[in-house]
Amino acid sequence: MSLKTESPKKIRVMLVEDHILMRVGLRTTAEGEPDMEVIAEVADGRQVLENYRRHKPDVVLLDLRLPGMDGIQIIKQLRQEAADVRIVVLSSYGGGDDITSAIQSGACGYVLKSMPLEQMLQAVRVVHAGGQYFPREISDRVNQRIQSDISSREIEVLRLIAQGKANKEIAGKLGISEGTVKNHLTNIFTKLGAVDRAQALTIAVKRQLVQLD
């Protein structure tokens, strides 16, 4: 008597890319992988949300420059549709503005079209597993941008958070009101792409903005 073994569930990918050669290359490479399948292809930004609702992909591989709608707007729409959506940005541009905007909007990964296709597939796997994928050159640019954007007072607030201080204690230490502390926290969350104090601290430590004692 032989037992049937179920095949591993494949990662269901939706490609959002208006350049047909790039899209064909990605589809061909992805479908050659045993753990991946392309379940939808979209070339117009206005059709992304509709296709996401229809196909419910595990990972969206998204070009930032699309006809019909800007990629950052699409990321925000998808995040409103499903808070746990996994998005890997695919871009020709490695500028700090694009990267920072994509991360703050909710992207889980960012790869450049100049990178090998295998690296893009690795990004899909990492993001699907619940991680984030930002290659070294991308991480360096993000860190430089964040370090230049975040103020010295915001760094002080982060350091006090790292010490376990509550808002009232932070206000007392810095000689400011609790309302001002909350404003600083809002700015910190926005700049780091965090949703709460714990995530902000995790990101800040990882990017060496603060150190834990």
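Computed from the coordinates by the stated procedures, all read-outs in this text should not be read as laboratory data. For clarity, every value in this text was computed on a predicted model and none was experimentally measured. Note: ideal-geometry Cβ built from the backbone for every residue, glycine included; neighbour counts use all protein chains shown.
The magnitude of the dipole of the range 150-206, with charges of +1 and -1 set on the Cβ of Lys/Arg and Asp/Glu and taken from the Cα centre, is near 80 debye. Between T202 and Q80, the modelled label-to-label distance comes to 2.6 nm, taking each label 7 Å out from Cα in the direction of the beta carbon. Note on the chain: with a GNM built from Cα contacts shorter than 10 Å, the maximum mean-square fluctuation among L121, L21, L62 falls on L21.
Computed from Cα atoms, the angle from the helix 20-31 axis to the main principal axis of the chain rounds to 80 degrees. Dipole size of the chain about its Cα centre, with +1 on Lys/Arg Cβ and -1 on Asp/Glu Cβ: approximately 500 debye, rounded to the nearest 20. At q = 0.16, 0.18 Å⁻¹ the log10 of I(q)/I(0) for the range 1-70 amounts to -0.56, -0.67, computed by Debye summation with a single uniform scatterer per C-alpha, solvent ignored. The amide H of I11, built 1.01 Å from its N in the peptide plane, has M36, E37 as neighbours under 5 Å, considering only residues 5 or more places off or on other chains. Angle, helix 152-162 long axis vs. longest principal axis of the chain, Cα atoms, 0 to 90°, nearest 10? Approximately 80 degrees, to the nearest ten.
Within the listed set I75, I188, I39, the Gaussian network model of the chain (springs between alpha-carbon atoms below 10 Å) gives the highest mean-square fluctuation for I39. Remark: the range 117-131, residue by residue, has Karplus-estimated 3J(HN,Hα) of 4, 4, 5, 5, 5, 4, 4, 4, 5, 5, 5, 4, 7, x, x Hz, where x stands for each Gly or Pro and the curve is 6.51 cos²θ - 1.76 cosθ + 1.60 at θ = phi - 60°.
When only Cα pairs below 8 angstrom with a gap of at least 6 residues are kept, the range 11-137 shows a relative contact order of 22 percent. Its relative contact order, with pairs defined as Cα atoms under 8 Å and 6+ residues apart, puts the range 150-206 at 32 percent.
Seen against the Cα atoms of the chain and their longest principal axis, helix 178-192 is set at about 30 degrees.
Contact order for the chain, expressed relative to its length and based on alpha carbon pairs under 8 Å spaced 6+ residues apart, stands at 14 percent.
Considering only S151, S91, S105, the Gaussian network model of the chain with Cα springs below 10 Å gives its largest mean-square fluctuation to S151. In a solvent-free Debye calculation with one equal scatterer on each Cα, what is log10 I(q)/I(0) for the range 11-137 at q = 0.14, 0.19 Å⁻¹, listed in the order of the q values? With no solvent term, the Cα-only Debye profile gives -0.50, -1.00. Applying 0.36 nm per residue to the separation of V195 and E37 and subtracting their alpha-carbon distance, the gain on full extension is 53.7 nm. The modelled label-to-label distance for the pair S151/A166, using points 7 Å beyond Cα in the direction of Cβ, is 2.5 nm.
With q set to 0.08, 0.12 Å⁻¹, the log10 of I(q)/I(0) for the chain, from the Debye formula over equal scatterers at the Cα positions, is -0.34, -0.68. Approximating the spin labels as points 7 Å out from Cα along Cα→Cβ, the M115-to-L21 distance works out to 2.2 nm.
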